[in-house]
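Comments concern the structure below.
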Amino acid sequence: MSDGKITIKTEFQMELMRVAGELVGKTLKMLEGMVKVGVTTKELDEAAEEFIRSHGGVPSFLNYDGFPASICTSVNEQVVHGIPSKKVRLKDGDIISIDCGAIVDGFHGDAARTFLVGNVAPEVRELVEVTKECFFKGFEQAQPGNHIRDIARAVQTHAESHGYGVVRELVGHGIGTNMHEAPEVPNFVDVRMGRGAKLIPGMAIAVEPMINLGSRRVQVLSDGWTCVAFDGKPSAHYENTIFITKNGPEILTNPIE
Ligand code: MG
Ligand code: MG
């Protein structure tokens, strides 16, 4: 964690962050090709670590607060922070959220996608699609002069218009030489947050809607990491690291189209 100050990146630092972001985007693209019925989440984790290291990066999740893997793999009702395992084998109809972070030259990239495994129920497909849309609704608001609350409100409004639950216990964040820096970037509006920090060029933030098909309530399993929807219904996650620039927001972690 940083000391709570928002860091403004120089042009040179922004170039370094683009490299880290691109590696995270490429890693997720590689993993997307591996996601199919029968693959274990451990195999995905091993492939991610190998890919990141062979491209000059370090997996930033590995050993973060003791996390035992290079990516988080969260299946179905798991919201975030699922631990890869040889015992978790993807089945037809599953969804899997993969969260990935890498450090290159001291700077972090952080992104997440939810992928479909085989034939996924229409209502769950829609959840995955709308969660991605929520990111882009927030992204459109990441303009210089706007505030964090503008992003939060856009994400929440879109998710709740579909009747979904917006997770509140976990939020997006500033990012730079630390994976988690100020400011917090919630996906909901709360009277206590006020307008939130003003967005200014050179800020880097991770915007990451975590959206539940049912209730927004979550709990952490006894492994101390895995965050699941309390009602057991599916949950989706979509995240990119972005810059605020004078010309508007820029995605660093190549979205997969
Ligand atoms: Mg992440
Ligand atoms: Mg993040």
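Read-outs throughout are calculated quantities, based only on the coordinates presented, and are distinct from any laboratory measurement. Predicted model, so just to flag it, every value in this text is computed and none were measured. Here the Cβ is made from the backbone with ideal geometry for all residues, glycine too, and neighbour counts use every protein chain on show.
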Near I98, within a Cβ-to-Cβ distance under 14 Å, what is the net charge of the other residues, with Lys and Arg +1 and Asp and Glu -1?
-4
Going by how many other Cβ atoms sit within 10 Å of their own, how do S222, S60, S161 line up, fewest first?
S222, S161, S60
Just need the relative contact order of segment 138-252 here, percent rounded to a whole number, with Cα pairs under 8 Å and 6+ apart.
30 percent
Can you compute 3J(HN,Hα) from phi for each residue in segment 100-112, using the Karplus curve 6.51 cos²θ - 1.76 cosθ + 1.60 with θ = phi - 60°, rounded to whole Hz and x for Gly and Pro?
9, x, 9, 10, 10, 6, x, 10, 9, x, 8, 7, 9
Greater than 28 Å separation of Cα atoms is the criterion. Which listed pairs, K91/K233; K26/K198; K91/K137; K132/K233, meet it?
K26/K198; K91/K137
In straight Cα distance, which lysines are under 19 Å from K86, not counting same-chain residues fewer than 8 positions off?
K36, K42
Between segment 151-192 and segment 11-64, what is the separation of their alpha carbon centroids in Å?
23 Å
What list do you get for D231, D150 if you sort them by fewest beta carbons within 10 Å?
D231, D150
What are the ³J(HN,Hα) values, in whole Hz, obtained from phi via the Karplus relation 6.51 cos²θ - 1.76 cosθ + 1.60 with θ = phi - 60°, for each residue of segment 195-207 in sequence order, with x given for Gly and Pro?
7, x, 4, 6, 8, 10, x, x, 6, 10, 9, 9, 9
MRE, 222 nm, helices only [DSSP H, n ≥ 4, -39500 (n - 2.57), over the chain, to nearest 500]
-9500 deg cm²/dmol
Set of aspartates and glutamates with alpha-carbon distance to K9 below 13 Å, sequence-local pairs under 8 removed:
E181
Rank these for me by crowding, L16, L252, L199, going from fewest to most other beta carbons within 10 Å.
L16, L199, L252
